[in-house]
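Since the structure comes first, as structure tokens, the remarks are kept for the end.
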Amino acid sequence: MEAAACVSDVRPRSALRRARRTSTSMTRKEAVAERRCTSRRVEIDAPPAVHVPFEAIMRHSRMIHAVLRQFGVPARDQPDVMQEIFLSAWRSVEGGGFRPRPEVPPKKALQSWLFGVTWHHIFHYRERLYRWYRELAAFAAPEIARHAPSPFGQVEARMALRCLERLKPELRAVLAGTAVGNTAEEIAAEIGAHPVTTNKRLHRGRKQLREILR
């Protein structure tokens, strides 16, 4: 009788699997419901959204510019990054993303919030810059290796540059222009001199360079 009772209590494996799946699914449903309740409680406990005019955001442009300069954003890229920061901050304000604490002064709260937005954009700017340099290095490395001069040629180039440094700036500028293939007329138009004066400087610079190289 006891053996029969034990056999009757044993459920088939398929029934056990169904029971486990049911308990697991119920556990997952309870976890999802708990997360939803938690997120709702966070939304209820969060401060209300505050709308600030765009002019108030623009008043902190000096602070944003100082942060960009402090974290090494080049001057040529600062206007573009600042424009992205202003647009992102304005969209976030319009979407209810600015929720300062009531006990914090409004000006200080806005400044701290804009600092966080600025740092977020600086981080993404550095990521884009790093990817750009990495792709550029991967593209340019074979070309540089193919056209790289020999060690003896590199020594000669350094010696020639040191000799050029001993010339006057106006002579050095004319010689540098001819080295990249510019004519005397093009060099004269670039430096704002007469072509005759440019030719005289070119002859004088070549003569002095030959004397130095001897």
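The values are calculated or read from the model by the stated rules, or taken from the named source; none is laboratory data. The shown structure was predicted, so the numbers you read here are calculated from the model rather than taken from an experiment. Methodologically, a virtual Cβ is constructed for each residue, glycine included, from the backbone with ideal geometry; neighbour enumeration extends over all protein chains shown.
Scanning region 96-112 finds no residues that are on the phi < 0 side of the Ramachandran plot and under 14 Å from the mean Cα position of the chain (by Cα).
The residues of region 153-176 that are among the small types (Gly, Ala, Ser) and at pLDDT 80 or above amount to a single one, Ala173. Within region 165-184, the residues that satisfy the criterion of being part of a helix (DSSP H, G or I) and free of Cβ contacts under 8 Å to residues at least 12 places away in the same chain are Glu165, Pro169, Ala179.
More than 29 Å from Asp77 (Cβ to Cβ) and either outside any helix (DSSP H, G or I) or at pLDDT 80 or above (or both): does that describe Arg126? No, not satisfied. If you go through region 191-214 and keep only what is part of a helix (DSSP H, G or I) and either surrounded by fewer than 13 Cβ atoms within 10 Å (Cβ to Cβ) or hydrophobic (A, V, I, L, M, F, W, C) (or both), you end up with Ile191, Val196, Leu202, His203, Lys207, Leu209, Arg210, Glu211, Ile212, Leu213. Taking the conditions exactly as written (outside any helix (DSSP H, G or I), at pLDDT 60 or above and of a type in the set (Lys, Arg)), does Arg76 satisfy them or not? Yes: the conditions hold for Arg76.
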